[in-house]
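Asker: Structure below; questions to follow.
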Amino acid sequence: MTGSSYDIIIRGGEIIDGTGAPRYRADLAVRDGRIAAIGQFEGNAGRTIDASGRVVAPGFIDVHAHDDAAVLSTPMDFKLMQGVTTDIVGNCGAGIAPALTGGARGLPGVEIVLGPLPEATWETFGEFMDAVDAAHPAINVACLIPHGIVRARALGMESRPPDEHELAQMCDDVAEGMSAGAVGLSTGLIYVPGTFAQTDEIVALARAAAEAGGIYVSHIRNESERLLEAVGEAISIGKDAGLPAQISHHKSSDRPNWGRTVESIALIELEVANGTDVTFDVYPYTAGSTILAAARGVQREIEPEMIMVASVKEKREYEGRNLAQIAEMLGMDPNDGPAIVSRVLSDEPAAVAVFFSMDEADVRRVMSHPLCMIGSDGIPSPTGKPHPRLHGTFPRVIARYSREAGLFSLEEAVRKMSGFPARRFNLRERGELREGWVADIVVFDPEAIADRATYEDPRQYPAGIDCVIVNGEVAAQAGAQTSTRAGRVLRRGS
Ligand SMILES: [Zn+2]
């Protein structure tokens, strides 16, 4: 009897299938982009990967990416090398499509968060998705429609509710994106112009996403003193619009609010017990990162040594220094947080900063919860010292929180990064290792996998990842990216 012929056979590994089920020893074969066989089988292959002592898992899914521009213009090595095979972009209400009137490719200053913006060849959201496909990204990309752009198209940066005509235009934009295959709608309710939206505006747009089977994903209106109210708003939008809701990078920021994820999770659990469909995600760090301008005008006290400037356009000497150090450099009072923030912003209006604002206990509580999945929130700045989550998130969850802290099993860590998000975001036949499903696969050493990116030296690939396969093709092996660009746009339900 002669065996079949396969493209790749991965021999002797422990299969962790992405459902949370216990691992088991088996070989896995890939043919024509799909998983052709799992178990013990005869056959030969163009390529054999020895996975003895290794885990074979579904490629990781980053549910909270800001790589809208990076997928068009970079090799996406910072995600691929972590074992990520799919990015979900368009988060926090920010993105680069549909096109703004007057030819702008995104909201003012967005390039320092999203990286350099490529030439816009699109008008509609669907055309943007086509452009991503045509760029042959190294990983797969699913897209959320960013509320901030949709709002700016209809009423610019005005702080007022839309009129009937403007709201209809916004709903049309959402419907267009959904019909092109977006997976849902995102909001960023602390950012301009998202913050100008009242709840009923978002419900109307979320209904347009709901009609097409989408999800509502939110950077909620407040993640500190008004956390519970903001979680409540996100839940009510999901309920009123009739669609699943996802709370992005769930946290409780600023020292006086530490510990309040006990209450926010209790609120979510109560809603879920009553039949509401709500989930959340987290990144595995106690520091966040966003535009420094987010620290302006906040009521809380600013602790200058807890805010580090990550990337700027000109004043590179600010990068990697905290506000107290910058104050000393400039001969200012290192305790006067608001004054230093104003000064840095006057030099660098689009500065991105790292905010050491969370408590480790909150991070662990959120991450351990079965309703929580993993999203990096990585900011792909080409300059400076981006938050290490850009290069380290997925290996760090496995190394630090599963293997070292023992918060959950390796099988559960993998589920949070693959099977769970695939189902949540409607990525069909992905996220689990099953015969006939798409071959997005990562092979790693469960003892050696670890993040190496630090705040001081963030551009470090992780350790312990042997091989990453995207749509059946080897995209990274032995710590290096291959020339393969096998990613594609994943359109909802197809
Ligand atoms: Zn956000």
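Asker: Of these, F41, F60, which one is of a type in the set (A, V, I, L, M, F, W, C), touching a Ser or Thr at 6+ places or on another chain (Cβ under 9 Å) and at pLDDT below 95? Before you say what the answer is, go through the steps one by one.
Answerer: Values: F60 fails: at pLDDT below 95.
Of F41, F60, the one residue that is of a type in the set (A, V, I, L, M, F, W, C), touching a Ser or Thr at 6+ places or on another chain (Cβ under 9 Å) and at pLDDT below 95 is F41.
Asker: When you scan the stretch 210-227, how many residues do you find that are in contact with a helix residue (DSSP H, G or I) (Cβ under 6 Å, 6 or more places away or on another chain), among the aliphatic types (A, V, I, L, M) and away from the ligand (no atom under 15 Å from the Cβ)?
Answerer: 2
Asker: In the set G188, G184, which member is in contact with a Phe, Trp or Tyr (Cβ under 7 Å, 6 or more places away or on another chain), under 27 Å from N140 (Cβ atoms) and not aromatic (F, W, Y)? Quick ask: steps written out before the conclusion?
Answerer: On the way: G188 fails: in contact with a Phe, Trp or Tyr (Cβ under 7 Å, 6 or more places away or on another chain).
Just one listed residue meets the conditions, G184.
Asker: Moving on to the next point. Can you tell me which residues in the stretch 96-115 are farther than 14 Å from F128 by Cβ and in contact with a Leu (Cβ under 7 Å, 6 or more places away or on another chain)?
Answerer: Once the filter is applied, which keeps residues that are farther than 14 Å from F128 by Cβ and in contact with a Leu (Cβ under 7 Å, 6 or more places away or on another chain), the stretch 96-115 yields only E111.
Asker: Of the numbered conditions (1) assigned to a loop (DSSP other than H, G, I, E, B); (2) more than 24 Å from R396 (Cα to Cα), R11 fails exactly one; give the number of that condition.
Answerer: Exception for R11: condition (1).
Asker: Hey, another quick one. Condition test on T86, is it outside any strand (DSSP E or B), among the hydroxyl-bearing types (S, T, Y) and either open to solvent by less than 10 Å² (accessible area, probe 1.4 Å) or over 30 Å from A152 (Cβ atoms) (or both)?
Answerer: So T86 fails the test.
Asker: Sticking with this one: Within the set of pairs 6 or more residues apart or between chains, which connect a residue that is in contact (Cβ under 8 Å) with a residue 12 or more places away in the chain inside the stretch 454-472 to a residue that is of a type in the set (K, R) and open to solvent by less than 20 Å² (accessible area, probe 1.4 Å) with Cβ atoms less than 9 Å apart?
Answerer: P458/R389
Asker: In the stretch 89-105, how many are at pLDDT below 95 and outside any loop (DSSP other than H, G, I, E, B)?
Answerer: Number satisfying all stated conditions: 3.
Asker: Another question, then. Working only within the stretch 39-68, note down all residues that are farther than 16 Å from I469 by Cα, more than 16 Å from the ligand (Cβ to nearest atom) and either of a type in the set (A, V, I, L, M) or assigned to a loop (DSSP other than H, G, I, E, B) (or both).
Answerer: Q40, F41, E42, S52, G53
Asker: Looking for something among the hydrophobic types (A, V, I, L, M, F, W, C) and open to solvent by 30 Å² or more (accessible area, probe 1.4 Å) - is there at least one such residue anywhere in the stretch 49-63?
Answerer: Initial filter on the stretch 49-63 (among the hydrophobic types (A, V, I, L, M, F, W, C)): 49, 51, 55-57, 60-61, 63.
From what's left, open to solvent by 30 Å² or more (accessible area, probe 1.4 Å): none.
So far as the stretch 49-63 goes, no, none of its residues is among the hydrophobic types (A, V, I, L, M, F, W, C) and open to solvent by 30 Å² or more (accessible area, probe 1.4 Å).
Asker: Further question on the same structure: Could you pull out the residue among S159, S186 that is polar (S, T, N, Q) and either open to solvent by 30 Å² or more (accessible area, probe 1.4 Å) or part of a helix (DSSP H, G or I) (or both)?
Answerer: Of S159, S186, the one residue that is polar (S, T, N, Q) and either open to solvent by 30 Å² or more (accessible area, probe 1.4 Å) or part of a helix (DSSP H, G or I) (or both) is S159.
Asker: What residue, of T121, T101, is out of contact with any Lys or Arg (no Cβ under 7 Å at 6 or more places or on another chain), open to solvent by 10 Å² or more (accessible area, probe 1.4 Å), of a type in the set (V, I, T) and more than 16 Å from the ligand (Cβ to nearest atom)? Walk me through it before giving the result.
Answerer: Details: T101 fails: out of contact with any Lys or Arg (no Cβ under 7 Å at 6 or more places or on another chain).
After ruling out the rest, the residue left standing is T121.
Asker: Mind listing whichever residues of the stretch 69-83 are open to solvent by less than 10 Å² (accessible area, probe 1.4 Å), assigned to a helix (DSSP H, G or I) and under 23 Å from A478 (Cβ atoms)?
Answerer: K79, L80
Asker: Follow-up. Can you tell which of R423, R415, R365 is among the basic types (K, R) and surrounded by 21 or more Cβ atoms within 10 Å (Cβ to Cβ)?
Answerer: Numbers: R423 fails: surrounded by 21 or more Cβ atoms within 10 Å (Cβ to Cβ); R365 fails: surrounded by 21 or more Cβ atoms within 10 Å (Cβ to Cβ).
Unique residue meeting the criteria: R415.
Asker: Identify all residues within the stretch 1-56 that are among the aliphatic types (A, V, I, L, M) and either over 30 Å from L371 (Cβ atoms) or free of Cβ contacts under 8 Å to residues at least 40 places away in the same chain (or both); write none if there are none.
Answerer: The answer is M1, I8, I9, I10, A26, A29, V30, A36, A37, A45, I49, A51.
Asker: Under 7 Å between Cβ atoms, which residue pairs at least 6 apart in sequence (or on different chains) link something in the stretch 180-207 that is under 30 Å from R428 (Cβ atoms) and away from the ligand (no atom under 15 Å from the Cβ) with a partner that is open to solvent by 20 Å² or more (accessible area, probe 1.4 Å) and part of a helix (DSSP H, G or I)?
Answerer: Every condition considered, the pairs that remain are V203/D240; A204/L167; A204/C171; L205/C171.
Asker: Return the residues of the stretch 256-274 that are within 28 Å of P304 (Cα to Cα) and free of Cβ contacts under 8 Å to residues at least 40 places away in the same chain; say none if nothing qualifies.
Answerer: N257, S264
Asker: Oh, and also: Please state which of the following conditions A245 fails to meet, knowing it meets all the rest: (1) touching a strand residue (DSSP E or B) at 6+ places or on another chain (Cβ under 8 Å); (2) more than 14 Å from the ligand (Cβ to nearest atom); (3) within 13 Å of P146 (Cβ to Cβ).
Answerer: That leaves (3) as the condition not met.
Asker: Given the condition of a type in the set (D, E), in a helix (DSSP H, G or I) and closer than 16 Å to A21 by Cα, answer yes or no: does some residue in the stretch 399-409 qualify?
Answerer: Looking through the stretch 399-409, none of the residues is of a type in the set (D, E), in a helix (DSSP H, G or I) and closer than 16 Å to A21 by Cα.
Asker: Here is a check on your reading of the model: is A234 crowded, with 19+ Cβ neighbours inside 10 Å and part of a helix (DSSP H, G or I)?
Answerer: Criteria met by A234.
The values are calculated or read from the model by the stated rules, or taken from the named source; none is laboratory data. Bear in mind that the values here come from a model prediction, so they are computed numbers and not experimental data. Because the Cβ atoms are built from the backbone with ideal geometry, glycine has one as well, and the counts that use them run over all protein chains shown. What goes into the accessible areas is simple: the full protein's heavy atoms, side chains included, and nothing from ligands, DNA or RNA. Shrake-Rupley method; radii C 1.70, N 1.55, O 1.52, S 1.80 Å.
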